[in-house]
Amino acid sequence: MRLTAVAFHCEFSPFRYLGLPADPAVRAWSLLAVIVVLGLLILLVLRHGEETVWLPGDGGGVLAPAAAIAAALEQTAAGHADVVRSQASVETRRGEPAATLITYLRPYADGSRVAADLEPRLRGRLAALTGVAPGAVRVRPRVLGVRQLKRHLP
């Protein structure tokens, strides 16, 4: 700041107005403290915390961890004989919980039949977990080829 002030032939220094001593060490430590506080504020704003889902209720609502609900849905899908692996994502749409489940099926499985079997199970499981009637529950089946099977085995 002082170099900028000197370049413009100005004698302004903000330190006189801040009430800090003229000692350069005190000024350096106070500037370092300001930088640390600003860095912490930026970390708080930009941090990537755990994803949560808002579940509405009669007297308000509650935030629930989306990963726990998704894991329960994946476990429900794992009970089907044709499912090799699954990946679930849970979110809130229009105030209702919604889920999308990508299922990787064994080779030569009927994807539409598996999706039709899993959707009511997942809808019931999501309703039991959240206590709210779910909105959209989508099952996206992916039938694996024989060569792809090795990559998707747990």
Along each principal axis, Cα extent of the chain, largest first, Å
80, 49, 25
Would you mind checking the tilt of helix 66-78 against the longest principal axis of the Cα atoms of the chain, expressed as 0 to 90 degrees and rounded to 10?
20 degrees
Near ALA64, within a Cβ-to-Cβ distance under 11 Å, what is the net charge of the other residues, with Lys and Arg +1 and Asp and Glu -1?
-2
Can you give the local net charge around LEU153? Use residues other than it whose beta-carbon is closer than 11 angstrom to its beta-carbon, Lys and Arg +1, Asp and Glu -1.
+4
I need the GluC sites (Glu not before Pro) found in the stretch 36-77, filtered to DSSP loop residues with at most 10 other beta carbons within 10 Å of theirs.
GLU50
Scan around VAL143 for amide H atoms under 5 Å from its own, H built in the peptide plane at 1.01 Å from N, and keep only partners 5 or more places away or cross-chain.
LEU105
Rounded to the nearest 10, the angle in degrees between the Cα long axis of helix 24-46 and the longest principal axis of the Cα atoms of the chain comes to 20 degrees
With only helices counted (DSSP H, runs n ≥ 4, each -39500 (n - 2.57)), the per-residue ellipticity at 222 nm for the chain, to the nearest 500, works out to -15000 deg cm²/dmol
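Bear in mind these aren't lab numbers, they're just calculated from the coordinates by the rules spelled out. Note that the structure is predicted; figures quoted are calculated from it, not measured. Every residue, glycine as well, gets a Cβ built from its backbone with ideal geometry; the counts of neighbours run over all protein chains shown.
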